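The numbers here are math on the coordinates, done by the rules we state, and not lab data. Since the structure is predicted, the reported quantities are computational estimates derived from the model, not experimental observations. Glycine gets a Cβ as well: all are built from the backbone with ideal geometry, and neighbour counts include every protein chain shown.
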């Protein structure tokens, strides 16, 4: 079973030039709004929801679906397809000390008794070797998938009173700003690769 993901490239005209919305993550560099499709939700509805949640903008409209692709995950990598308890051993009767939510990418180690041992590691900041947070444990095998379908959407913003503003979402404070499409946004991967693949469609 595949997991749906969306990426949102939001544009507006500003001072006679076309700009797109840049999202500065507090620890992981420049990005654009993105997220996971919820159960029973369409891709386009997920794009609008994620964009509104992560930007605080209400006046958004879908211009076009730009690209649909199957993501190629690195070896020994999977995505959580349903929020799952993490167990201390490959046994549902063992200590269940944390949950890991749907949409999170994890590293996989070994499989035993219908469980997979996973690692989830957050670094203190982009480029840092210092670990800020880590989960290692066992989750049911059916909670994982390597099939991820991502759709990229072009959204337009009818109005925005701010040029730079902050939004608290998903336990982070993001800084948002309008960036000229003709200038290098210095996006982090994989956002930079996605942007390069659809940029010409945003300019049209």
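In whole Å and largest first, what semi-axes does the C-alpha gyration tensor of the chain yield when each eigenvalue is scaled by 5 and square-rooted?
Equivalent ellipsoid of the chain: 34, 18, 15 Å, largest first.
In what order do 1, 177 fall by count of nearby beta-carbon atoms within 10 Å, going from fewest to most?
1, 177
Which order do 36, 182 fall in if you start with the one that has the fewest other Cβ atoms within 10 Å?
Ranking 36, 182 by Cβ neighbours within 10 Å, fewest first, gives 182, 36.
In a GNM of the chain with a 10 Å cut-off on Cα contacts, which of 103, 35, 16 has the highest mean-square fluctuation?
With Cα springs under 10 Å in the chain, the top fluctuation among 103, 35, 16 is at 16.
Just want the ordering: 120, 153, 27, from fewest to most Cβ atoms lying within 10 Å of their own Cβ.
27, 120, 153
Treat each spin label as a single point 7 Å out from the Cα along the C-beta direction, and report the residue 27 to residue 175 distance in nm.
For the pair residue 27/residue 175, the computed spacing is 1.8 nm.
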